[in-house]
Amino acid sequence: MFATVRRYEGIDASDKAELTKKVGESLAPRLSKLPGFSSYFLIDTGNGVMSSIGLFDTSTQAHESTRVASEWVRDEKLENILQNPPKVTEGEVIVHKMNGLVKA
């Protein structure tokens, strides 16, 4: 499994609700259709910073998600909200633990 972490800085507090809505309505669905998609998280880390984590089967798929996210910013015309390019970190997930769900 491979992860892509994108850190967006300089987001105005007044834009967070719009950005969150757009991510949920259009970016997350777009990413979820990519081959190898496992999960996506958007995190409000405070002080004008939001980070995202995407999990994919391969390094190539994780890297592709960054291209898709960049394309999405242009498509949604979010350059005024996301004025600074994200700091992107990609790599192999070397430890992974989840609680299992019990289905009745």
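Determine, for each peptide in 18-28, 85-95, 52-62, the mean count of other beta carbons within 10 angstrom over its residues, then list the peptides with the highest first.
Values: 18-28: 15.2, 85-95: 11.8, 52-62: 18.5.
Sorting 18-28, 85-95, 52-62 by mean packing, highest first, produces 52-62, 18-28, 85-95.
Starting from the Cα of K77, draw a straight line to each of the lysines and keep only those under 25 Å, dropping any in the same chain fewer than 8 residues away.
Result set, ordered by chain and number: K16, K21, K22, K33, K87.
Fully extended, how many nm does the chain gain between T58 and E9 (0.36 nm per residue separation, minus their Cα-Cα distance)? Spell out each step's value before the answer.
Details: separation 49, 0.36 × 49 = 17.64 nm, distance 2.69 nm.
Taking 0.36 nm per residue and subtracting the Cα distance, the gain is 15.0 nm.
Against the empirical 2.2 N^0.38 Å scaling, what ratio does the C-alpha Rg of segment 2-92 come to?
On the way: Rg = 12.3 Å, N = 91, 2.2 N^0.38 = 12.2 Å.
The value comes to 1.01.
Dipole size in debye (nearest 20) for segment 2-92 around its Cα centre, Lys and Arg Cβ +1, Asp and Glu Cβ -1? Display every interim value, and only then the final one.
Details: 11 positive and 14 negative charges, 13 e Å.
With only Lys, Arg, Asp and Glu charged at Cβ, the dipole is about 60 debye.
Bear in mind these aren't lab numbers, they're just calculated from the coordinates by the rules spelled out. Everything numeric in this text was worked out from a predicted model, so none of it was measured. Neighbour counts are summed over all protein chains in view; Cβ atoms, including those assigned to glycine, are modelled from backbone coordinates with ideal geometry.
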